[in-house]
Every structure is written in C-alpha cells, then in structure tokens.
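Please treat every number below as a calculation from the coordinates, not as lab data. Nothing here was measured: the structure is a model prediction, and the numbers come from that model. Cβ: placed from backbone, ideal geometry, glycine included. Neighbour counts: every protein chain shown.
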C-alpha cells in the first residue's frame, strides 16, 4: 500500500540498541523482531501504578561514555537529535521490556516505525513493576479508597444504613452516581468480595467496616428464605419507585430476563464467602449453606421421582422459572433445559474455592457435630461434579481451539444459542485454565492427605490433578495461538470458533479487549508458571503472564479517576461509549479488578522469584471468636503441599509462636473477642535456610523496635 500512515502500539523486549543510528530492536511476544526509531519528540516514562506521580528511577548515563558514542553536543549539527540519542542511551538497555506507541509509515516497499511514547516496565532491565512486593497492595487499596470516597465520602466507619442510602450499582466514569439508583444483589456481592479482598491484603479497617456493613445489608435486604429456612434465593435488585424501595425478584438482564439465572444466584455468594473466610461469622454461613441447598434442590440435574425434566446426567441447569421453580418451563425460551459455562464453572471461583478453604481441614468447635463434615462432603461432591463435567464436556473436539460453552440437557453442545452462536470467549477459556489449575492443586493436597492416612484415594486424586493440569495447559496454549495479542499484549474478546477468513483468528465483532478477560489471562498464566517451575513451558507461561499484566497496568488503569476501564481497543485506547463508561455496573462491580489484585499478589509472590529476594506475604483475618469455633483456616488459596509455609503469626499486633509451619489451621481457642490475626507466608520451593534466617532476624529486629517502649 502507498501512503499508509497511522498510529501503532507494540510491546516487546529490547534485543539490541544502536545509539548512533537512533534505533532499537524489539522482540515481540510472537517471536518476530522489529526496528524502532526514535525522534526529537520521543518521550520516555516508567510504568506507574494507580495514584503514582512518577516511578522513573533510571540511572543517569555516564557523560564521558555518552560523548564517546555521540561526540560533543556543542559540535552536533542537530542538538535536538543529539538529545534524543542521549535519551535512547539512558533509557533503553538490552533486556528491558517496553511498550511503544508511535507512527508507522509505509509507502510501497519503504516502511518505518518511529516511537513517540516509550513506557518502560521497570527502571532496570528484566524488572517488572507489578512483580515488586507492594504493587498489587497499592493498587487494591487505591481502588478501594476511591470507591469508598465516591459512594460514602469521608466516612471511615460504615453501617447498613450507609449501604441502603448511598450504594449504587451504576456510577459514571468519574465515579459520580447516575440517574439510575438501582442496587443489584449480585453486583453488590461482587463489591463485597472486593471489600473483603482489600482487607485480606491490606488489613485496612475501613475495608473491614465496609465489608461487615455490606454483608449484613446484603442479607437483610436481598435474601429470600423458604418457609422452612432450608433454602435461600436472592432478589435481583432494589430500586426506588418514587416513594419507597421496590424489590425486583427475577432477573432484568437481557439474556436472563424474568428468570432465576443460576449465575446471578451463584454470585450472590461470592462476597459472602470471601467475607466468611475473614470472620467465621456463622450467621453468614447460614445463608451460604441455604443458598447451596437451593442449587442442589432446584438446579442440579439428578434423577428424582421419575421426573423426566431431570436427566441425571449431572451438572446444573442455567435457569429456572421463578414461578414454577423448574428448568423446563416454556417461559424460559432459549434458556429452557440448558446448561452453560456459568452454571457449571462459576461455582468454583465464586464460592467453592473459598468455602473449602474455610472448612477444610474441618474447624475444631466447642461442640463437634456432623454438620461440618456434611458440608465438607457436599462441597467436595459439588467441586468434583463441576470439574468432571468441565474435563469431559468442555474441551474442543471439533478442530476448534475453544471450549464448548453452552449445552442441551444431555450435554450436546449448543452452537446456535442467542448471541454466542459458534463463538468462543477468550477469557472464559483462560478462566477454565486458571480454575482447573487451582483445583489440581487442591486435589494434590487430597492425594497427599490420602497417602498420609493410607487411603485408597491417593491415586484417584493424583490422576484427577494430572487431568486438570493437562487441560489447563492445553487451553493456555490454544489461547496463545488464537486469543493472545502477540504484538501488543493482552487478550481479545469474542472470536469465531471456526474462522472462515483463512486465518487462525476471526473476530466476532471488533478487535476490542475487556478488563475482566485480562484478569483471567493474568491469573491463568501466572498460576500455570508454578505447575512445573523452571521448564520451558513454565518460562513461556511467565512471558505470556507478563505481557498480559503489562497491558492491564498500562491501558486498563484510569489514572485520572483511579478506577478501571471496562473496554479498550486492541491498542489500549479506552472505549467509553454505549455504556462502557459505567463503573459500578453488573459486570465491573469492583470484583474482577480486586480479585486480580488479591490473587496476582499471591501467585507472583509464590511462583515468581523476587528481585529483592524477600518473597513473603501477609494475609489478615478478623475472626469473631464468640461462636464456638476454636481454629482458623488461613491458607490463602488452593496451593499444593510444599508451596507455602507459615513464617509468622500476630494477634492484635503481638507475635505468637508457630506450632506447625506446614499446617494452615491456627489455634484461636484462647482469643475471646473479635481480633485481628495476621499470618505471614513464605514460598518453600525457592527458600533457603539462609534466606529464612535473614527474614526471621529482620522480623525480630523490627519487633524489638516496636516494643522497646
């Protein structure tokens, strides 16, 4: 093409620098190498976190070496270009990762790419800002404080009345309330997940106060118990009708309108379960277990009383009629007798992982009864069913790289449903990778425990873990081929499962990127780094994780408003038209970004070597201690035996001894009132005795200073 000029953004690692020619060479994620020129107008910066002014700590160059390379500036024929070359020498070194936005020009066979904005991922080669010790803590706390300031102004202690009066599902791009004062239940629960995760990572009392108020308002305003208190459903939303708050029972979302959509009921538990992990508040657990009962009673596909509706083929139907409470009602339309990714897979990240973390191992209580064990058996049964169905029915079997996402009752794939048709969602595929890896970690724990107990289940769980790992890695590689942007980083959105354009990737609509899908990619690739650290496959997963994390931190973080954009173009320009400016809405909700902050911190600290050599991290809990529960489960996520150990414990700031560093159940029987429990963890696989001794010595020195008075 002649006279083709336009903006171009690329991300890559520098493989060579030619200062005299004002050129650098980048290697992209695709493996290709390109030359990038710099000009008089090229600007450099170092990647900033939310709320940062500048992180540029690139050392000044040796001026004698600059003169040897470029000669004297006073004698240069073009002083401005001399300055440009000096900046290139200062900022660009082999091994540094950069994102470059510039002008690409082509006129027939002649082409060039000239940089205008160069962002370094760190101030030194092979450093990545988001892999530093505090990056995700700062991001989650800044995002949290922004949400709180927008909704509740300067309040630090929150009540149910605050959530009743001021919480809004819909906020505009700057965080201001819109004219729509709806409060959606599942969205509020997602927000509760974010509040709880903020507290877990930072110990910020404002986060705990808000989480507590939100949890109780959620239950009191939105829960619907059956007459016998055995089952719980959740209203869709509440909205002012001019005189009072009006309860809206069934869904108002387009694809689910007029139904009890299972994924909305599932996400009503997301925040409650994360909050329960912190507090062990059994009043909260009551509503969690009653909601799970409703999943089993009304959505689970198992044979019952010769009812032809229930095929007994496992899994959960995606929708039921709120009047007949059945999945075969004609009023459900295209959702009648259907199963999908959300009705199967979303159980795992939304609440099953966190609930199992809270009850396995079984808590020790003042009065032991069978209800705890019954709950554990049920949760494991549900997890096994979801995992088996994903492994059996979801993987592509028709030449596509994408999983099947929608099914008829007998698990026949449905490639003609609604908007999805025969299309794959990149983020869903990587969400499966991420969660199957988590489940594999859990199954290895069960296999280890079975071996210790002499149980026959050791091999069963080991085989299941291996199947989970294999499918997770397969999907990770599939998305690398068709869904990862190998030029800019990040992942795409909706793609055709069977491209008809002669290329591996065909977009269903536009080449856009959504924030929640970036989260799935970052978590999937970082957790898969830990499957077999050090091998070639792990190194590639780490590279993919870094390019996805770079795109997130570069282009989804709204520095001005201290929040997260929902959608960008393929090059990272925010899209804020057609409702994509809404910050508190059904999809964004303060959930995925907070989940990313929480788990990326855990995975990076555990699986990626730290430049500082100090790889520990701390999680904060606030157990109630007045409900007879005498232990607290503290494992931060599903990790394998040998991944982590407990380095230290503090209760209300006072250190206490660690009885067993490899047992993630802490005795709190001596704590008589609600207390703050901080647990510090250390990854085992890269920890040396010298490192651990140094960390312990530093901790002891800090303790001496703290308590010297």
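With respect to the chain, whose longest principal axis is taken over its alpha-carbon atoms, helix 689-706 is tilted by about 80°.
Given a Förster radius of 22 Å and the C-beta distance between residue 305 and residue 230 as r, what FRET efficiency does 1/(1 + (r/R0)^6) yield to the nearest 0.05?
According to the calculation, E is roughly 0.80.
Computed from the C-beta positions of residue 463 and residue 537, the FRET efficiency with R₀ = 30 Å rounds to 0.90. Given a cut-off of 17 Å, what percent of all Cα-Cα pairs of region 479-520 lie beyond it? In whole percent, the long-distance tail amounts to 25.
If you bin every alpha carbon distance in region 396-444 into 5 Å steps from zero, what whole percent lands in each bin? It works out to 5, 18, 21, 23, 17, 10, 4, 1, in whole percents.
Taking 0.36 nm per residue of separation and subtracting the current Cα-Cα distance, fully stretching the chain between residue 474 and residue 133 would add 119.7 nm.
In whole angstrom, how long is each semi-axis of the equivalent ellipsoid of region 131-607, when you take the square root of 5 times every eigenvalue of its Cα gyration tensor and sort them from largest down?
Its equivalent ellipsoid spans semi-axes of 29, 29, 25 Å.
Computed extension gain for residue 154 through residue 654, at 0.36 nm per residue and net of the alpha carbon distance, reaches 177.0 nm. Annotation: the residues 232, 468, sorted from fewest to most other C-beta atoms within 10 Å of their own C-beta, follow the order 232, 468.
Sorted largest first, the spans of the alpha carbon positions of region 4-127 along the three principal axes are 40, 37, 25 Å.
The helix-only estimate of mean residue ellipticity at 222 nm for the chain, built from DSSP H runs of length n ≥ 4 each weighted as -39500 (n - 2.57), is -12500 deg cm²/dmol after division by the residue total. Each eigenvalue of the Cα gyration tensor of region 317-364, multiplied by 5 and square-rooted, gives one semi-axis; in descending order these are 31, 12, 6 Å. Values of log10 I(q)/I(0) for region 205-271 across q = 0.18, 0.20, 0.28 Å⁻¹ run -0.80, -0.94, -1.24, by the Debye formula with one identical scatterer at each alpha carbon and no solvent. Ordering 485, 422, 256, 83 by the number of other Cβ atoms within 10 Å of each residue's own Cβ, fewest first, gives 83, 422, 256, 485. Ranking of 195, 28, 69, 272 by neighbouring Cβ atoms within 10 Å, starting from the fewest: 69, 28, 272, 195. How tilted is helix 262-279 with respect to the longest principal axis of the chain? Cα atoms for both, answer in degrees (0 to 90, nearest 10). Here the helix axis deviates by roughly 90 degrees. For region 516-656, the spherically averaged projection of the C-alpha convex hull amounts to 12.2 nm².
If R0 equals 45 Å, the separation of the Cβ atoms of residue 243 and residue 576 corresponds to a calculated FRET efficiency of about 0.85.
Only Cα pairs under 8 Å and 6+ residues apart enter the sum, and on that basis the relative contact order of region 166-320 stands at 22 percent. Against the empirical curve 2.2 N^0.38 Å, the C-alpha radius of gyration of region 348-390 lands at a ratio of 1.24. Between 0 and 90 degrees, the angle of helix 515-529 with respect to the longest Cα principal axis of the chain falls at about 90 degrees.
Mean separation of Cα pairs under 8 Å and 6 or more residues apart, divided by the residue count, gives region 4-127 a relative contact order of 37 percent.
Taken as Cα centroids, region 1-56 and region 427-482 sit 39 Å apart, rounded to the nearest whole angstrom.
Its Cα gyration tensor gives region 449-573 an equivalent ellipsoid; the semi-axes, largest first and in whole Å, are 33, 19, 13. Values of log10 I(q)/I(0) for region 106-167 across q = 0.15, 0.19, 0.24, 0.28 Å⁻¹ run -0.71, -0.84, -1.00, -1.13, by the Debye formula with one identical scatterer at each alpha carbon and no solvent. Relative contact order, whole percent, for the chain stands at 13, derived from Cα pairs under 8 Å and 6 or more residues apart.
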